[in-house]
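Okay, so here's the structure we're looking at.
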Amino acid sequence: NVDGLHLRSGIPREKLAELHGNSFLETCPSCGVEYLRDFEVETIGLKETSRRCSDKNCRARLKDTVLDWEDALPSKEMDLAEKHCRMADVVLCLGTSLQITPACNLPLKSLRGGGKIVIVNLQKTPKDKKANLVIHGLVDKVISGVMDFLNLQIPPFVRLDLFQIILTQALSLDKKNVNWSLRVASVHGQKAPLPFVKSIEISFLDNQGYKSAILQKEPFQLKRRTLQGKSFDMVLKFNFIDSCGCPSTEIVVPLNFKVPEDCLTLDKDAVLQKLRHTAIQESCCGQNAIVERNVMLTPKTKVIAYAIVTNVVRYRMTAEALQAGSLGNAIKRRKESVNGFETSRKRSKMHRRKSRF
């Protein structure tokens, strides 16, 4: 699968072989750096995208990582997948038809070293006869039941997204006013989309007399003029798309064109960890925090990078889904003999008898 969920699950990248690529991942063909995005990359087939490597000594054009039908599997990922399968005590094949070669043959490599294969899929697969256990059921229910049986808790999933607020200012010709602009953009580049934002409502505190605005499409940008020396607070209400865990959240942005600000770089991992902890404790999303602030003099520009919690998903134990009768008729095991595993003759006869009707 190329949906990026494997990497988002928390599995370290160096232990993950994404054979067919990741539609949320770009890579630099020159220096090899990978960039995980919060939006789907616009191309497939290992083509160049509209962005470049952020390394100042490189700046090569990035490429997508999703294979097209005629593309060969990347040797680096394939070698890692083969290594893992050869070493594995158990290979879990979850929610796959096991029909596309050569990936479908990878689980069989575990058998040579005495490993076992477990297949969980709604339909039959060509590898069912090689498996030690086959369950025709929903992967979510099966894995939730296994976790419940092992007395292990599935941790909440906290979705974190990044964006930046860009404030640019310039004195008017008469030196009495400040012409300023606000732009809300992706941290991956101003042309990159913000897929989790539906619209942004802008208002001003303390009855400053400034007209409110609603930014309904990208680029989310606002231009205004203010008397020089005047300071005020601006409120940005982010309205999220329907798949987010809450409808909206608000961020207060202070504007003071007289007081210069310095650059600020925080421990990004610590900020994100604190946001995750708070979101789990409060069982809601919308929390946000500043990650970085950069200031440029020509033109006068302040760029503030934020992290924001856009979803919190909790998983309930579903042992009831595995109670008597729910999966009993869908589980097939192989009987262990002196020479290894073989299919139970009794079960095979019963299956043939049922198939006649």
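Residues that are in a helix (DSSP H, G or I) and in contact with a Lys or Arg (Cβ under 7 Å, 6 or more places away or on another chain) were ranked within segment 60-103; the one that is farthest from Val134 (Cα to Cα) is Glu82.
Just checking, does segment 63-71 include any residue being under 18 Å from the mean Cα position of the chain (by Cα) and closer than 25 Å to Ile143 by Cβ? Looking through segment 63-71, none of the residues is under 18 Å from the mean Cα position of the chain (by Cα) and closer than 25 Å to Ile143 by Cβ. Taken as a whole, the condition of being in the same structural domain as Ile251 (by the TED database) and touching a strand residue (DSSP E or B) at 6+ places or on another chain (Cβ under 8 Å) does not apply to Lys130. A Cβ distance below 8 Å, combined with a sequence gap of six or more or placement on separate chains, defines the contacts here; from segment 301-329, residues that are closer than 19 Å to Phe238 by Cβ reach no residue that is at pLDDT below 90 and of a type in the set (Ser, Thr, Tyr). Among the conditions (1) modelled with pLDDT of 90 or more; (2) over 22 Å from Ile241 (Cβ atoms); (3) not in a helix (DSSP H, G or I), Thr310 misses just one, which is (2). Does any residue of segment 144-161 turn out to be closer than 30 Å to Ile202 by Cβ, touching a helix residue (DSSP H, G or I) at 6+ places or on another chain (Cβ under 7 Å) and not acidic (Asp, Glu)? Looking through segment 144-161, at least one residue is closer than 30 Å to Ile202 by Cβ, touching a helix residue (DSSP H, G or I) at 6+ places or on another chain (Cβ under 7 Å) and not acidic (Asp, Glu).
If I go through segment 117-127 residue by residue, how many of them are buried (at least 18 other Cβ atoms within 10 Å of the Cβ) and charged (D, E, K, R)?
Residues meeting the conditions: 1.
You will find that of Leu150, Leu106, the residue that is without any contact (Cβ under 8 Å) to a residue 60 or more places away in the chain, more than 23 Å from the chain's Cα centre (by Cα), buried (at least 16 other Cβ atoms within 10 Å of the Cβ) and over 30 Å from Ile308 (Cα atoms) is Leu106 and no other. Taken together, Glu250, Glu261 contain a single residue that is of a type outside the set (Gly, Ala, Ser), in contact (Cβ under 8 Å) with a residue 12 or more places away in the chain and within 30 Å of Ser54 (Cβ to Cβ), which is Glu261.
Taking the criterion of being surrounded by 13 or more Cβ atoms within 10 Å (Cβ to Cβ) and farther than 29 Å from Gln169 by Cα, the only residue of segment 249-272 that qualifies is Leu272. The criterion of at least 2 residues that are surrounded by 12 or more Cβ atoms within 10 Å (Cβ to Cβ) and not assigned by the TED database to the domain that holds Ala279 is met by none of the strands (runs of 3 or more DSSP E) falling completely within segment 199-248. Of all the residues in segment 58-92, those that are hydrophobic (A, V, I, L, M, F, W, C), closer than 24 Å to Lys127 by Cβ and either touching a residue at least 40 places away in the same chain (Cβ under 8 Å) or loosely packed, with under 13 Cβ neighbours inside 10 Å (or both) number 9.
Condition check for Lys129 on (1) under 23 Å from Ala72 (Cβ atoms); (2) touching a residue at least 60 places away in the same chain (Cβ under 8 Å); (3) charged (D, E, K, R): one failure, at (1).
Listed by first and then second residue, the pairs with beta-carbon distance under 7 Å, at least 6 apart or on different chains, first residue in segment 275-299 and over 21 Å from Pro247 (Cβ atoms), second part of a helix (DSSP H, G or I) and of a type outside the set (Gly, Ala, Ser), are Val291/Lys268; Val291/Val271. For segment 131-143, taking the residues that are within 21 Å of Asp89 (Cβ to Cβ) and crowded, with 18+ Cβ neighbours inside 10 Å, the one that is modelled with the lowest pLDDT is identified as Val142.
The values are calculated or read from the model by the stated rules, or taken from the named source; none is laboratory data. All figures in this text were calculated on a predicted structure; none of them were measured in a lab. Note that we place each Cβ from the backbone using ideal geometry, even for glycine, and neighbour counts take in every protein chain shown.
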